[in-house]
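The values are calculated or read from the model by the stated rules, or taken from the named source; none is laboratory data. Please read these numbers as outputs of a predicted model, since none were measured by experiment. Positions of Cβ are generated from backbone atoms using ideal geometry, with glycine treated the same way; all protein chains shown enter the neighbour counts.
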Amino acid sequence: MFICIFCNFYSNYIMYIAHCILMKSFKEKSIAYQKAIAYQIQHKNQQMLDSYMQTYIYIWNLFHVFAEKLKDEYFDSVKSAIIDVVHFSCNNLSCSNCKTHANEYLKENDMNLITNKEDLKIYLWKFHNNVNTRKGVAEYPYDSLTDRYSVMNLKDCFDKYATNFLNFKRDIEHINLMKKWFSICHDYYFN
Ligand SMILES: Cc1cc2nc3c(=O)[nH]c(=O)nc-3n(C[C@H](O)[C@H](O)[C@H](O)COP(=O)(O)OP(=O)(O)OC[C@H]3O[C@@H](n4cnc5c(N)ncnc54)[C@H](O)[C@@H]3O)c2cc1C
């Protein structure tokens, strides 16, 4: 009887220790698993954020280079196409907040009132600065526009912009139309 109780006590004790060890290892494994999942999500979010940021930079570059490289005398020929590119881009921004504000800006600042290349440059510069201000970033100086954008290659900017939008599978037909238009408009632009 005594031995039985003793055995029983020890076997329960051993079971208890085994249980603790198992639970501890289970808990550790579960924490490690949760950490791995959290890391993967964070990494994926960061990758998405980076690709969004890259998209935005391609969009701004194309806007400013379009304006910078346009030959003055061809403004009227390209005006509606440029307005279309700007509206299309703003309607297809990945961040819905940015999209809402960009479209509000376009509504309040009618691009159809722009009458020449210089106005177009100023319009896009102010538009970009408006976003900078919303982000709490310093305004970009107007005097720096030509230095930055005159050295960029328009075709290169357009290709990056179009490829990036296509990667995000945005309105492929519209982008192909833009590509067609772009392929016939080089005379209107300095390289
Ligand atoms: C149409 C549009 C609307 C957006 N709206 C929002 C928004 O509401 N909120 C938000 O957080 N983000 C918004 N974004 C994204 C934001 O503008 C930036 O592109 C993004 O935050 C990355 O910033 P960045 O520091 O890399 O430089 P960016 O702002 O992308 O600028 C790239 C480079 O352009 C030059 N630059 C800066 N300002 C000007 C200017 N005024 N004129 C000419 N060149 C300039 C500088 O050399 C700068 O390094 C928007 C983007 C687009 C295209």
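For region 88-129, a residue qualifies if it is more than 7 Å from the ligand (Cβ to nearest atom) and not in a helix (DSSP H, G or I), and the qualifying residues are 92, 94, 109, 110, 114, 115, 116.
Could we say that residue 81 is under 22 Å from residue 175 (Cα atoms), within 12 Å of the ligand (Cβ to nearest atom) and part of a helix (DSSP H, G or I) here? The answer is no for residue 81. Could you list, in sequence order, all residues of region 31-55 that are farther than 30 Å from residue 146 by Cβ and either not hydrophobic (A, V, I, L, M, F, W, C) or not in a helix (DSSP H, G or I) (or both)? Matches in region 31-55: 33, 34, 35, 39, 40, 42, 43, 44, 45, 46, 47. Within region 161-180, the residues that satisfy the criterion of being surrounded by 12 or more Cβ atoms within 10 Å (Cβ to Cβ) and in contact with a Leu (Cβ under 8 Å, 6 or more places away or on another chain) are 161, 175.
Residue pairs whose Cβ atoms lie under 8 Å apart, separated by 6 or more positions or on different chains, with the first residue in region 119-143 and among the aromatic types (Phe, Trp, Tyr) and the second within 7 Å of the ligand (Cβ to nearest atom) and not in a helix (DSSP H, G or I), are 125/140. Among the residues of region 130-152, those that are of a type in the set (A, V, I, L, M, F, W, C) and in a helix (DSSP H, G or I) comprise 131, 145.
For the residues 168, 158, the requirement of being touching a Ser or Thr at 6+ places or on another chain (Cβ under 8 Å) and in contact (Cβ under 8 Å) with a residue 12 or more places away in the chain singles out 168.
Checking each residue in region 56-71 for being crowded, with 21+ Cβ neighbours inside 10 Å, part of a helix (DSSP H, G or I) and more than 9 Å from the ligand (Cβ to nearest atom) picks out 62, 65, 66, 67, 68.
Considering each residue of region 26-52, count those that are over 30 Å from residue 95 (Cα atoms) and modelled with pLDDT under 75, and give that number. Before the answer, list the steps.
Taking region 26-52 first, the residues over 30 Å from residue 95 (Cα atoms) are 26-33.
Next, only the ones that are modelled with pLDDT under 75 stay: 26, 29.
Going through region 26-52 one residue at a time, the tally reaches 2.
When you look at residue 187, is it of a type outside the set (Lys, Arg), modelled with pLDDT of 90 or more and part of a helix (DSSP H, G or I), yes or no?
Here the answer is no, as residue 187 does not meet what is asked.
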